[in-house]
Amino acid sequence: MKHWSTIAPLLAAALLGVAAAFPPGGALAAVCGLALVGAVLAAVHHAEVVAHKLGEPLGTLILALAVTVIETSLIVSMMLAGGPAKAALARDTIYAAVMIICNGVIGLCILIGGIHHREQSFRIEGAGPAFAGLVALSTLALVLPGFTTSAPGPAYTPAQLRFAGLASLVLWGVFVFVQTVRHRDYFLPTSAATGDDVHLPPPTVLAAWTSLGLLLVSLVGVVGLAKVLSPRIEALVRAAGAPDAVIGIAIAMLVLLPETVAAVRAARADRLQTSMNLALGSALATIGLTIPAVVVASELFHLPVVLGLEPKDLVLLLLTFLVGAVTLGPGRTSIMQGAVQLVVFAAFLFLSMVP
């Protein structure tokens, strides 16, 4: 069993190849689902090995960046396969990811951390500007398209879309520079972490490189198996009579599982700063990398892109940002803040099912 973290990613990759050749059904779908869970747990393990070698915040950046790059590739590939029918896919995926991360992941981390440690702290110097960047990017990508007048419907013109893509990429690049170079100390823990791994000697260079490779294999397995299983998820959603938007939420949850598990484990070990780095960094990367990729795909393959949110979703996004500003403002958290964010997340899920 001590080699499970090596076997799980390789098994997930192998099953991904089998599922690509034979559409999964029945027993194969069940095995793929188990392999997906194993790949998620393996991804978290290898991300923590790499993080322990690199230290904060580079370690959490590796996991956030790897998941987002593969998630973006998945979105673009599905847009190319679906054509005009997938015009709103990028919008639905980005919106779902922001709501899942800002309400679900952060709320769960704060609640679990508060239950185990009463109060926890993090550096507002890093979290505040990161959250401001997230608000700006979300507004540019998801809100403004519904209010511009140059193009019909909640969509940008090609020139506006190019501007939004460039602005997203530049702002995300500045955040990475601030996080890793200019103000790296803003993203370091405020106090000594209590996790057991902190007291272990750092892994060797070979072990770190091996874990990085297995992390990438795990993430490919997670996203690939999520895509393979998505038709069955779609069938279940439609059989239940739920709207199509629920499909994007289900897929986003599967893709974000590695980051969610890693963030919750960090909060339980009294490393809330690591949880915040993962959550806010992932949300920023989701927009900062996805929008430019969608712009390029739209230009090259003449694909229509719809980004503007519906009124109901605009209200929920505004509520998320208001609650997030109150939660992140003091730099200290308790279970009440986590409960509020989880209630907003529950409202997002419920109103997606019953719009």
- Pick from PHE175, PHE147: which is at pLDDT below 95 and surrounded by 16 or more Cβ atoms within 10 Å (Cβ to Cβ)? PHE175
- Task: Return the pairs, sorted by first residue and then second, in which the second residue is not in a helix (DSSP H, G or I), the first residue lies in the stretch 278-295 and is farther than 16 Å from LEU142 by Cβ, the beta carbons are less than 9 Å apart, and the residues are 6+ apart or on different chains.
- Result: GLY281/PRO57; SER282/LEU256
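In the stretch 147-164, is there at least one residue being in contact with a helix residue (DSSP H, G or I) (Cβ under 9 Å, 6 or more places away or on another chain), over 25 Å from ALA90 (Cα atoms) and of a type in the set (Lys, Arg)?
Going residue by residue through the stretch 147-164, those that are in contact with a helix residue (DSSP H, G or I) (Cβ under 9 Å, 6 or more places away or on another chain) are 148, 150-151, 153-156, 158, 160-164.
Still in the list and also over 25 Å from ALA90 (Cα atoms): none.
Within the stretch 147-164, none of the residues are in contact with a helix residue (DSSP H, G or I) (Cβ under 9 Å, 6 or more places away or on another chain), over 25 Å from ALA90 (Cα atoms) and of a type in the set (Lys, Arg).
Listed here are the residues, each with its yes/no results for (1) within 17 Å of the chain's Cα centre (by Cα); (2) in contact (Cβ under 8 Å) with a residue 40 or more places away in the chain; (3) surrounded by fewer than 20 Cβ atoms within 10 Å (Cβ to Cβ).
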{"site": "ILE7", "(1), (2), (3)": "no, no, yes"}
{"site": "LEU16", "(1), (2), (3)": "no, yes, no"}
{"site": "ALA21", "(1), (2), (3)": "no, no, yes"}
{"site": "VAL31", "(1), (2), (3)": "no, no, yes"}
{"site": "LEU36", "(1), (2), (3)": "yes, yes, no"}
{"site": "VAL67", "(1), (2), (3)": "yes, yes, no"}
{"site": "ILE70", "(1), (2), (3)": "yes, yes, yes"}
{"site": "THR93", "(1), (2), (3)": "yes, yes, no"}
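Being in a helix (DSSP H, G or I) and modelled with pLDDT of 85 or more narrows it down to one residue among LEU212, LEU236; which is it? Before the answer, list the steps.
Details: LEU236 fails: modelled with pLDDT of 85 or more.
None of the others qualify; the one that does is LEU212.
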- Task: Go through the stretch 98-129 residue by residue and tally those that are among the charged types (D, E, K, R) and either under 17 Å from VAL261 (Cβ atoms) or buried (at least 17 other Cβ atoms within 10 Å of the Cβ) (or both).
- Result: 1
- Task: Mind listing whichever residues of the stretch 219-246 are of a type outside the set (Gly, Ala, Ser) and under 16 Å from the mean Cα position of the chain (by Cα)?
- Result: LEU219, VAL220, VAL222, VAL223, LYS227
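In this structure, is ILE251 surrounded by fewer than 24 Cβ atoms within 10 Å (Cβ to Cβ), under 29 Å from LEU61 (Cα atoms) and touching a Ser or Thr at 6+ places or on another chain (Cβ under 8 Å)? Write out each step before concluding.
Values: surrounded by fewer than 24 Cβ atoms within 10 Å (Cβ to Cβ): no; under 29 Å from LEU61 (Cα atoms): yes; touching a Ser or Thr at 6+ places or on another chain (Cβ under 8 Å): yes.
No; evaluated as a whole, the condition is false for this residue.
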- Query: Given the structure, is PRO201 of a type outside the set (Lys, Arg), over 22 Å from the mean Cα position of the chain (by Cα) and modelled with pLDDT of 90 or more?
  - Reply: no
- Odd one out for LEU272, checked against (1) under 30 Å from HIS116 (Cβ atoms); (2) out of contact with any strand residue (DSSP E or B) (no Cβ under 6 Å at 6 or more places or on another chain): (2)
- Message: Condition first: at pLDDT 90 or above, closer than 29 Å to LEU161 by Cβ and of a type in the set (Val, Ile, Thr). Can you find one or more residues in the stretch 117-138 that meet it?
- Response: yes
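The values are calculated or read from the model by the stated rules, or taken from the named source; none is laboratory data. Values in this document were obtained by computation on a predicted structure and should not be read as measured data. Cβ sites come from the backbone with ideal geometry, for glycine too, and all protein chains shown count toward neighbours.
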